Structure formats: structure tokens, C-alpha cells
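Visitor: Have a look at this one before I ask anything.
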Amino acid sequence: MDVPDGFRDREVVQALARRIDATARRIGAGPAGRTLTFMEVCGTHTMAMHRFGLHALLPDGVRLLSGPGCPVCVTPNRLVDTAIAYARLNDVTLMTFGDMLKVPGSTSSLSAEKSRGRDVRLVYSPTDAVEVARANPERRIVFFAIGFETTTPTCAAAVLAAREAALENFFVVSAGKLLPPALEALATGEVRIDGFVCPGHVSVVTGFGIYRDVVEKHHIPCVITGFEPVDMLKAVLMLTEQVAAGEARIENEYNRVVRPEGNPIAQQVMAEVFVPVDSEWRGIGMIPASGLAVREVFSAHDALRQLPVEVEPPREHKGCICGAVLRGARTPLECTLFATACTPAYPVGACMVSSEGTCAAYYKYGKDRPHVAPRNVAP
Amino acid sequence: MSRHEMSRHKITGDGTIQLGHGSGGVLTRELIRDVFLARFDNPALAPLMDSALVKIGGSEVAFTTDAYVVKPLEFPGGDIGTLAVCGTINDLAVMGAQPVALSCAVIMQEGLEIELVERITQSMQRAAAGAGVPIVTGDTKVVERASCDGLFITTAGLGVFDGPDRPRGTLRDGDAVIVSGALGDHGTAVLVAREGLKIASSVESDCAALNGLVEALRPFFSGIRIMRDPTRGGLATTLNEFVEGAAGVGIVLREGDVPLSDGVAAICELLGLDPLYIANEGKLVLVCDAAVAGKVVAAMRAHPLGARACAVGTVTPTYPGRVCLETTVGGLRVVDMLVADQLPRIC
């Protein structure tokens with residue numbers, strides 16, 4: 001695999017930063033003026049911004065906020081507790097993606113259950129869970145399926161594979177989320193957003209259509225972009241230029257990968273297995289038609305229907321402001337727990353757990369921008 | 001109960017050992033500090049260096065021990081036996097000591113194929129002979145199936161000092177940070193082998209004994225402040241350990257100068273891993289006076305294990321107590337200590 005060096009060209013990146021600054025200044029955004037607030041709604045974008053130190057290159061008049069783009073972060077306690085309850089059943093193997101293991105539920109985590117001897121395993125692909133089900137007919141395999149439109153098609157494919165193989169011991173806890181309803185919630189939320197940096201991965205599957213309401217109803221520019229430094233800054237420039245021109249359009253910076261119609265096969269697989277339902281997002285609450293449930297026809301593989309389980313009453317962690325962070329209303333630096341009681345080693349909130357979480361990114365890559373904060377001394 | 005102890009109980013519910021406690025990062029350090037160092041504390045242990053310096057009669061020796069629990073037992077470029085010998089030799093060598101003898105204790109699970117044990121033992125013999133360090137004592141134990149994951153090895157080593165010079169200086173403004181070659185080969189090779197990732201990979205572990213390479217640097221010991229082999233936690237964690245004890249200085253790494261093999265770079269891109277945190281088993285990282293940096297790099301490059309040696313960073317008072325990275329695109333970010341093992345990204 002080639003690492004795309006051209007998209008990490010120092011001169012190009014610096015030139016883009018200068019153009020963002022000049023465009024922002026032209027419309028009065030700067031140290032003494034207004035601030036343009038763009039939001040990246042994808043956890044991989046959040047990590048890319050921090051990993052390449054790009055916040056340090058943005059001018060004072062332009063800030064990039066992180067939104068609810070991490071599937072681990074937006075999964076509410078109730079569902080984490082449900083997965084934990086399954087893990088506690090003696091004949092169940094609970095499988096999920098890596099970061100999910102560490103998220104604290106109300107009183108435990110999947111990782112803690114694993115250390116107590118429960119059969120909890122991480123997977124790299126949902127189809128791995130199907131293979132485990134096939135190889136272990138005496139166990140019930142419960143796959144905790146989190147993710148957005150990016151990963152949901154592969155979860156759907158796993159359900160289809162399980163049905164094809166007539167596996168009676170493969171179940172999913174569907175915790176999938178859909179991006180468009182969240183964009184709608186953010187567009188009408190408490191933070192004024194001047195533009196969305198839209199996720200390349202999701203858009204590869206969905207195409208452009210999902211951004212139409214945000215652009216047309218709310219007059220907020222949307223730019224779909226990739227994950228390289230040049231992609232990220234080019235998207236910020238394109239958004240700044242749209243604001244400067246008083247426009248709100250869908251633009252595709254990532255046209256080397258994303259097509260207007262998306263990936264119809266992935267869309268079809270997802271729609272075949274899952275149906276949109278009202279869904280709770282951590283910190284945001286219930287959003288209509290924003291989650292995915294297993295369709296009736298596949299109910300044989302729906303853990304929630306087939307394996308009733310007693311779930312402890314959800315308990316939120318006092319002082320944690322993950323919810324406000326996910327809405328872009330607060331930054332991790334405004335949380336009294338950040339880097340003191342809540343660290344990646346001892347996370348209190350989900351945003352500190354996930355490698356794509358905003359708090360984890362702030363902690364890992366410098367806690368602030370562009371100033372590099374002094375080391376936090378452990379208590 | 002301290003605040004972090006309370007936090008720990010919040011996560012695990014009962015304060016149990018987690019896999020993260022073995023990652024070599026923050027959790028490992030806290031475990032060592034709060035549980036082990038608190039009870040075993042003595043002047044030789046307190047610095048928590050790769051080897052302890054112990055006085056025997058009138059002379060000082062370096063003494064170290066390490067346990068090896070890698071999975072799978074055999075992987076591209078090496079096996080647990082090679083690791084167990086090279087790792088302990090390296091812990092002595094980076095102190096500036098000449099390794100003279102090793103011990104090995106092998107814990108095996110019933111049902112293990114003797115042929116596999118023979119292959120691993122042969123690897124140990126080959127590595128020890130190659131480095132010129134004999135295994136002079138040992139022990140074997142067999143445990144019930146499922147009591148250990150196949151086979152564990154513990155090795156200990158003794159090293160002596162030839163002359164007064166050894167790296168034990170403090171970091172100073174302007175010092176150079178040098179690595180002996182491309183990073184992340186071992187951790188990446190093991191990850192691909194362990195997880196059975198369907199990635200066509202040519203990455204092999206770099207596990208090697210570094211005592212020969214260190215010997216080549218002996219003429220420059222007076223200018224070398226500190227040496228380490230960046231194993232668990234990778235270069236990032238090792239450099240954080242360097243700056244933790246350094247008064248008023250930090251390190252700025254230059255991303256564009258950090259050598260990576262194409263295979264490691266590609267796998268890290270694919271899985272969303274940071275190569276700075278990936279384990280190495282045959283690499284040296286050191287900080288030296290800028291005045292000798294060129295000669296140190298040249299001496300390394302003249303040795304087969306240092307062919308891709310280069311300077312990757314500078315000690316600076318600008319970010320005290322911190323390791324920072326100047327990214328290839330001109331950005332700046334902090335490189336913190338590893339917290340727990342890295343996991344591939346979800347999307």
C-alpha cells in the first residue's frame with residue numbers, strides 16, 4: 001500500500017493555511033472579529049486533525065469543533081450495560097470492536113468482565129464473529145454491533161452470512177446509528193455551526209443525498225473530505241470560501257473516492273437487514289429514526305428479541321460532560337474531570353476511551369492548541 | 001485511598017489486574033510504583049533502569065531480569081526464545097555493560113509439542129552464541145493445561161563494566177536524539193501473526209542482540225547521556241521516560257526524520273496505529289551531545305544493526321517535560337506516554 005505523500009505535502013498544507021487565513025480575514029474573521037466554527041462529525045477526522053497537528057495551523061478566526069462522530073462515544077450507557085449483561089451469561093461469547101471493551105457502563109465494563117473470566121473478545125471484522133459462531137456451535141455468539149453507515153453494511157453482511165449458513169447461535173445487539181438525523185439535531189442545536197466537514201467514509205456508502213436537508217433547510221455548507229492533511233485543510237478552505245460567498249452547497253473534496261450516489265450495494269445490504277428506529281445518543285438524547293434495529297425477518301439473529309436479559313438501571317457518571325462535548329457545546333478543557341479524574345488510563349466518560357474520541361484526542365495530542373500544555377502531574 | 005486508586009476501582013469494579021497493566025505504558029508504571037516499588041524500594045531498584053547496578057566486592061555489575069509471554073510463540077523474524085535472549089542482553093548493553101552470562105527459566109504447559117520446545121531452545125542457543133553470552137543456569141517447570149499460554153520464559157543477565165565511561169549524563173538543551181534504524185518492525189510483525197490479519201505483509205521482527213552495536217559506540221560513551229532499547233510502548237514511551245527525569249527540558253521529534261519500513265508504514269496507515277508506540281526488539285535509541293551526534297550516527301551505520309541510523313529529534317527547553325512532534329506538514333503535537341495497547345480503528 002502506498003502512503004499518499006502528495007496529500008501530506010508541507011508546502012501545499014502551509015499554502016492552504018495561508019489561504020484560509022486570508023479568506024477568513026476578508027470577511028472579518030480573526031483575532032478581533034468573529035470566529036467561523038466548523039464541525040467535523042467524524043472521529044477519524046478528529047484524530048487526523050490532532051495527529052498531524054493541524055489545529056496549530058488554523059488561523060485565530062477559524063476553529064474546528066469535534067462532533068458526535070465516534071460510534072463508541074455516542075453509544076448510551078443503557079446499551080453498554082446490555083452488552084455487559086450478555087457477557088455475564090455463562091454460555092455467551094460477547095464480541096465487539098476493540099475500544100468498546102473499555103467503555104465504562106453504569107458499574108462495569110466489558111474489559112472488566114473479561115478480566116473476571118467472562119468470554120469477551122474483540123473482532124476486527126463482524127464476519128470474524130460469524131466464524132467464531134460456526135466453530136463453536138455449543139456457545140451463543142453475541143456481536144455488539146456499533147457503528148455508523150461506514151461499518152453497518154459489514155454488520156448486515158454478517159447477519160446475512162449467519163442466515164445463509166443457518167447458524168442458530170449468532171446474534172447481534174444492533175447499536176448502529178445514522179448520521180443524517182444527528183446532523184439535523186446539530187443544525188438546530190445550541191452551537192452555531194458555520195459549516196460541516198463531512199465524513200469521507202460515511203459518504204462513500206451514502207453518497208451526497210444525506211447532506212441535502214442541512215444545506216437547503218438550514219443553509220449550512222457541507223464539504224465531504226478525506227483524512228489526509230491536504231484533504232482536511234482544503235475542506236476548511238472550501239467551507240470558508242462558501243461562507244465568504246454567502247453560499248451553502250454540498251461540495252466533494254474527496255471525489256477521488258466518493259461518488260454522488262454512494263455505494264448502492266452497501267446501501268441495499270444495510271436496508272435489507274436493518275430498519276431505522278428512534279435511538280438514544282449519549283449526550284444528545286433520543287433522535288427520531290437515527291438508529292438501526294434488526295428487521296423482523298432476521299429476528300432469529302436479533303439478540304434483543306431472542307435472548308431476554310436483565311439490565312441494571314443505567315447510571316450516568318457525575319461531572320462527566322461527554323454529552324456537551326459530543327454536541328460541540330463544550331470542549332474537553334471545560335470539563336473538571338479532564339486529565340484529572342478522567343484520563344485514558346482511567347476513563348470516566350466514553351469520549352476519553354475511544355481512540356476516535358474528542359477527549360482522548362485532546363489528551364493524547366496536547367490538550368490544547370497551538371500551545372503545548374505542560375505535562376499533567378498525576379495526583 | 002488516592003484519587004487514581006478511586007478511579008481504578010470505578011473502571012474495574014474490584015481493582016483487578018487488567019491487560020493494560022502489562023502494556024509497558026502508564027498503567028504498568030503505576031502498578032510498579034504503587035505495588036512493587038512501594039515494597040521493594042532500595043537504591044539499586046529506585047532508578048527503574050533497564051538493569052540494576054549492584055556492587056560486588058569492589059566492582060559494579062549490571063543485573064537484570066525479564067519475562068517473555070509473546071503470542072504466537074513463533075512469528076516472522078523470530079520466536080520467544082530469540083526474544084528472551086536478546087531482550088535481556090539488550091537491557092544490559094544499553095547500560096553500557098558487557099553482558100557475560102544469562103539464566104533462563106522455562107514454564108511449559110502440558111501438551112506442548114517437544115519439537116516446538118526444541119526449536120525455541122535452538123533459537124536461544126543461536127542467539128546466545130551469536131552475541132557471545134552463554135546461558136549458564138536455568139530452571140524448568142510444567143503446569144497444567146490452560147495454566148499458561150503454551151510457554152513462558154524468564155531470563156536474567158549479568159554484565160560487567162570495562163572502564164569508567166558509561167552513559168549516565170543528564171539531558172541538555174541542544175542534545176541530539178538518535179535511533180539505530182526503522183521503528184515498529186517487531187510489534188507489527190507480531191500483531192499481524194497474532195491476529196491472523198489477512199494482510200500480505202513482509203514485515204519481520206527486528207529482534208537482535210545489541211551488545212555489538214553498543215560496543216561500536218564505546219568511544220563516544222562520554223558524550224552519550226542515555227541509551228535504551230525502545231521495546232513495549234515504543235519510541236514514544238521511551239522518550240517520555242527520558243524527559244520525565246530531566247529538569248527543564250523536553251524533546252522535539254521530527255516526524256519526517258523518523259525511519260519506518262514501507263511495510264510498517266502501510267500497516268499502521270491501514271489499521272490506524274501510531275508507529276511511535278509500537279514495540280521494537282533490536283533498536284537502540286540514545287541522546288547524545290550534539291558535538292558527537294555525527295560520529296555516533298556514522299559508527300552505528302558502520303554496524304549491520306545500525307544501517308538506517310539517524311538523528312530524529314532535539315532536546316529543547318521549549319516544552320519542558322514533554323515529547324512533541326513536528327509533523328511532516330509543519331503542525332505540532334504532543335507525543336504522550338502509551339496508556340494501554342493500541343487497538344485498530346473501527347472505521
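The values are calculated or read from the model by the stated rules, or taken from the named source; none is laboratory data. Remember, predicted model here, so these are calculated numbers, not experimental data. Using ideal geometry, Cβ is built from the backbone for each residue, glycine included, and neighbour counts are taken over all protein chains shown. Please note that ligands, DNA and RNA were not included when accessible areas were found on the heavy atoms of the full protein model with its side chains. Shrake-Rupley method; radii C 1.70, N 1.55, O 1.52, S 1.80 Å.
Visitor: So if I restrict to the alpha-carbon atoms in chain B, what is the Rg, and what is Dmax, the biggest pairwise distance, in Å?
Guide: For chain B, the Cα radius of gyration and maximum Cα-Cα distance read 19.9, 60 Å.
Visitor: How long is segment B:249-347 along each principal axis, judged by its Cα atoms, biggest number first, in Å?
Guide: The Cα atoms of segment B:249-347 stretch 46, 35, 26 Å along their principal axes.
Visitor: Let me check I have the definition right: for segment A:136-261, take the eigenvalues of the Cα gyration tensor, multiply each by 5, take square roots. What are those semi-axes in whole Å, largest first? Mind dumping the intermediate values first?
Guide: Numbers: eigenvalues 263, 48, 25 Å².
Result for segment A:136-261: semi-axes of 36, 15, 11 Å.
Visitor: While we're on this one: Work out which trypsin sites (Lys or Arg not before Pro) in chain B are exposed loop sites (DSSP not H, G, I, E or B, at most 13 other Cβ within 10 Å) and give the longest gap free of them.
Guide: Numbers: sites that count: B:145, B:198.
My reading of the result: B:199-347 is the longest stretch.
Visitor: Please list, by residue number, every one of the GluC sites (Glu not before Pro) in segment A:149-232 that is coil in DSSP and has at most 10 other beta-carbon atoms within 10 Å.
Guide: Numbers: sites: A:149, A:164, A:168, A:184, A:190, A:216; in loops: A:149, A:168, A:190.
Passing sites in segment A:149-232 are A:190.
Visitor: Another question, if that's okay. Tell me the volume per residue, in Å³, of the convex hull enclosing the alpha carbons of chain A. Kindly include the intermediate steps, with their values, before the conclusion.
Guide: Numbers: hull volume 54.5 nm³, N = 379.
Looking at chain A, the number lands at 144 Å³ per residue.
Visitor: Let me ask something else. Give me log10 I(q)/I(0) at q = 0.13, 0.16 Å⁻¹ for segment A:1-77, Debye formula, one equal scatterer per alpha-carbon, no solvent.
Guide: After summing over all Cα pairs, the log10 values are -0.50, -0.71.
Visitor: Sticking with this one: Taking H as built 1.01 Å from N, whose amide H comes closer than 5 Å to the amide H of residue B:160, not counting residues under 5 places away?
Guide: Amide H to amide H, under 5 Å and 5 or more residues apart or across chains, residue B:160 pairs with B:62, B:98, B:100.
Visitor: Scale the Cα Rg of segment B:32-86 by the rule-of-thumb value 2.2 N^0.38 Å and send over the ratio, two decimals. Please list the in-between numbers first.
Guide: On the way: Rg = 15.4 Å, N = 55, 2.2 N^0.38 = 10.1 Å.
Working it through for segment B:32-86, the quotient is 1.52.
Visitor: Using a ≥ b ≥ c from the Cα gyration tensor of segment B:171-314 (square roots of the eigenvalues), is it rounded, prolate or oblate, where a/c under 1.5 gives rounded and otherwise the larger of a/b and b/c decides, a/b for prolate? Mind showing how you got there, number by number?
Guide: On the way: a/c = 2.20, a/b = 1.59, b/c = 1.39.
Prolate, since a/c reaches 1.5 and a/b exceeds b/c.
Visitor: A further question on this structure: Averaged over all directions, how much area does the convex hull of the C-alpha atoms of the protein assembly as shown cover when projected, in nm²? It would help to have the intermediate numbers written out before the result.
Guide: Numbers: hull surface 125.9 nm².
Computing the convex hull of the Cα atoms and averaging its projections yields 31.5 nm².
Visitor: Loop-only trypsin sites (Lys or Arg not before Pro) in segment A:1-61, please: DSSP not H, G, I, E or B, and at most 12 other Cβ atoms within 10 Å. Show your work: numbers first, answer last.
Guide: Values: sites: A:8, A:10, A:18, A:19, A:25, A:26, A:34, A:51; in loops: none.
Of the trypsin sites (Lys or Arg not before Pro), not one in the loops of segment A:1-61 has a Cβ with at most 12 other Cβ atoms within 10 Å.
Visitor: Further question: If you bin the C-alpha pair distances of segment B:91-221 every 5 Å from 0, what whole percents do you get?
Guide: 2, 8, 13, 15, 17, 17, 12, 8, 5, 2, 1, 0
Visitor: Output the Kirkwood hydrodynamic radius of segment A:22-156, Cα pairs only, in Å rounded to one decimal.
Guide: Values: mean 1/r = 0.0574 Å⁻¹.
For segment A:22-156, the Kirkwood estimate is 17.4 Å.
Visitor: Based on Cα positions only, what radius of gyration and what Dmax would you give for segment B:203-257, in angstroms?
Guide: 13.5, 39
Visitor: If you don't mind, there's one more thing I want to ask. Where does helix A:229-245 land angle-wise versus the long Cα axis of chain A, in degrees 0 to 90, nearest 10?
Guide: Orientation of helix A:229-245: about 60 degrees from the principal axis.
Visitor: Could you work out the mean projected area of the convex hull around the alpha carbons of segment A:231-356, in square nanometres to one decimal?
Guide: Working: hull surface 48.8 nm².
Reported value for the Cα convex hull: 12.2 nm².
Visitor: Moving on to the next point. When only DSSP loop residues count, what GluC sites (Glu not before Pro) in segment B:131-237 have their Cβ near at most 11 other Cβ atoms within 10 Å?
Guide: Numbers: sites: B:144, B:195, B:204, B:215; in loops: B:144, B:204.
Sites meeting the loop and neighbour criteria: B:144.
Visitor: Top to bottom by accessible area (1.4 Å), largest first, where do B:108, A:286, B:300 land? Kindly include the intermediate steps, with their values, before the conclusion.
Guide: Working: B:108 30, A:286 125, B:300 0 Å².
From most exposed to least exposed: A:286, B:108, B:300.
Visitor: If you don't mind, there's one more thing I want to ask. In percent, what relative contact order does chain B have, based on Cα pairs under 8 Å that are 6 or more apart in sequence? Could the numbers behind the result be given before it?
Guide: Details: 735 pairs, mean separation 76.3, N = 347.
Over chain B, the number comes to 22 percent.
Visitor: What residue among B:92, B:210, B:116 shows peak mean-square fluctuation when chain B is described by a Gaussian network model with Cα springs under 10 Å?
Guide: Looking only at B:92, B:210, B:116, the biggest GNM fluctuation is shown by B:116.
Visitor: Within a Cβ distance under 12 Å of residue A:305, other residues only, what is the Lys/Arg minus Asp/Glu net charge? Don't skip to the answer; put the middle values down first.
Guide: On the way: positive: A:295; negative: A:296, A:302.
For residues surrounding residue A:305, the net value is -1.
Visitor: Continuing with the same structure: Over 22 Å between C-alpha atoms is what I'm after, so list which of B:55/B:283; A:102/A:177; A:102/A:318 land there.
Guide: Working: B:55/B:283 28 Å; A:102/A:177 20 Å; A:102/A:318 18 Å.
From the list (B:55/B:283; A:102/A:177; A:102/A:318), the Cα-Cα distance tops 22 Å for B:55/B:283.
Visitor: If DNA, RNA and ligands are ignored and the probe is 1.4 Å, what is the ranking of B:51, B:147 by accessible area, most exposed first? Provide the component values of the computation, followed by the final result.
Guide: Values: B:51 5, B:147 75 Å².
From most exposed to least exposed: B:147, B:51.
Visitor: Here's something else I'd like to know. At 10 °C and 1.306 mPa s, what whole-number value in µm²/s does Stokes-Einstein give for the translational diffusion of segment B:41-122, with Rh from the Kirkwood sum over Cα pairs?
Guide: Numbers: Rh = 14.6 Å.
So the translational diffusion coefficient is about 109 µm²/s.
Visitor: Sticking with this one: Quick one: ranking B:190, A:297 by accessible area, 1.4 Å probe, largest first, what do you get?
Guide: On the way: B:190 10, A:297 100 Å².
Order by accessible area, largest first: A:297, B:190.
Visitor: I'm checking a number: the convex hull volume of the Cα atoms of segment B:130-193, normalised per residue, in Å³. What is it? Don't jump to the answer; show the numbers that get you there.
Guide: Values: hull volume 14.5 nm³, N = 64.
That works out to 226 Å³ per residue.
Visitor: Here's another thing I want to ask about it. What does the charge add up to near residue A:89, with Lys and Arg as +1, Asp and Glu as -1, over the other residues with Cβ less than 9 Å from its Cβ? Could you put the intermediate results ahead of the total?
Guide: On the way: positive: A:88, A:118, A:140; negative: A:91.
Its environment carries a net charge of +2.
Visitor: Moving to a separate point now. Quick one: give the max-minus-min coordinate of the C-alpha atoms of segment A:258-323 along each principal axis, largest first, in Å.
Guide: 43, 33, 17
Visitor: Shifting gears a bit: Could you tell me what percent of the accessible area of chain B is made up of carbon and sulfur, with a 1.4 Å probe and every protein chain present?
Guide: Working: 8000 of 14460 Å².
Carbon-and-sulfur percentage of accessible area, whole number: 55.
Visitor: If you count only protein heavy atoms and use a 1.4 Å probe, how large is the accessible surface of residue B:162, to the nearest 10 Å²?
Guide: Ignoring ligands and nucleic acids, residue B:162 comes out at about 90 Å².
Visitor: What does the charge count near residue A:232 come to, summing +1 for each Lys or Arg and -1 for each Asp or Glu among other residues with Cβ under 12 Å from its Cβ?
Guide: Within the 12 Å Cβ shell, the charges total -1.
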